[in-house]
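What follows is a short report on a single structure.
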Amino acid sequence: MTVATAAVHVYVWYRLQGTPAAAMPAIAALQVDLAARTGIRGRVLIRRDDPNTWMEIYEDVRSPETFEPALEAAVERHRAADFALDRARHTEAFVASS
């Protein structure tokens, strides 16, 4: 499998603005919406030594050209960027090395 055809793993990290109690329902709704539209279920991790740093993980994305715009649209629908400090959500995509 080449990098071009490998499943992509998408990681979105950000510094939380506001309270986790306000952010978590919006992020959970975003992920339910995204799973319904793309079949990709996400999860949220919170940095162990900094509870204000969150990471959303979307694994085994087979069609990133479809998934990435769907993710951006879900972020807008659920106003997820409002919970990121300076509205900065950092998205990175990786593939397995072999």
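At 1.4 Å probe size, put Asp60, Asp86, Asp50 in order of accessible surface, largest to smallest.
Details: Asp60 85, Asp86 130, Asp50 35 Å².
So, going from the largest accessible area down, we get Asp86, Asp60, Asp50.
For region 84-92, putting each phi into the Karplus relation 6.51 cos²θ - 1.76 cosθ + 1.60 with θ = phi - 60° gives couplings of 9, 3, 6, 6, 8, 10, 9, 10, 9 Hz, in residue order, rounded to whole numbers and with x for Gly and Pro.
Rolling a 1.4 angstrom probe over the protein heavy atoms, how many square angstrom per residue are accessible across the chain? Write down the numbers at each step before the final one.
Working: 6050 Å² over 98 residues.
With all protein chains present, the chain gives 62 Å² per residue.
Of all the accessible heavy-atom surface of the chain, with the other protein chains kept in place and a 1.4 Å probe, what percent is carbon and sulfur? Before the final figure, lay out the partial values.
Working: 3340 of 6050 Å².
Accessible surface attributable to carbon and sulfur in the chain totals 55 percent.
The values are calculated or read from the model by the stated rules, or taken from the named source; none is laboratory data. As the structure is a computational prediction, the values presented were derived from the model and not from experiment. Ligands, DNA and RNA are stripped out before the accessible areas are found, and what is left, the full protein with its side chains, is counted by its heavy atoms. Shrake-Rupley method; radii C 1.70, N 1.55, O 1.52, S 1.80 Å.
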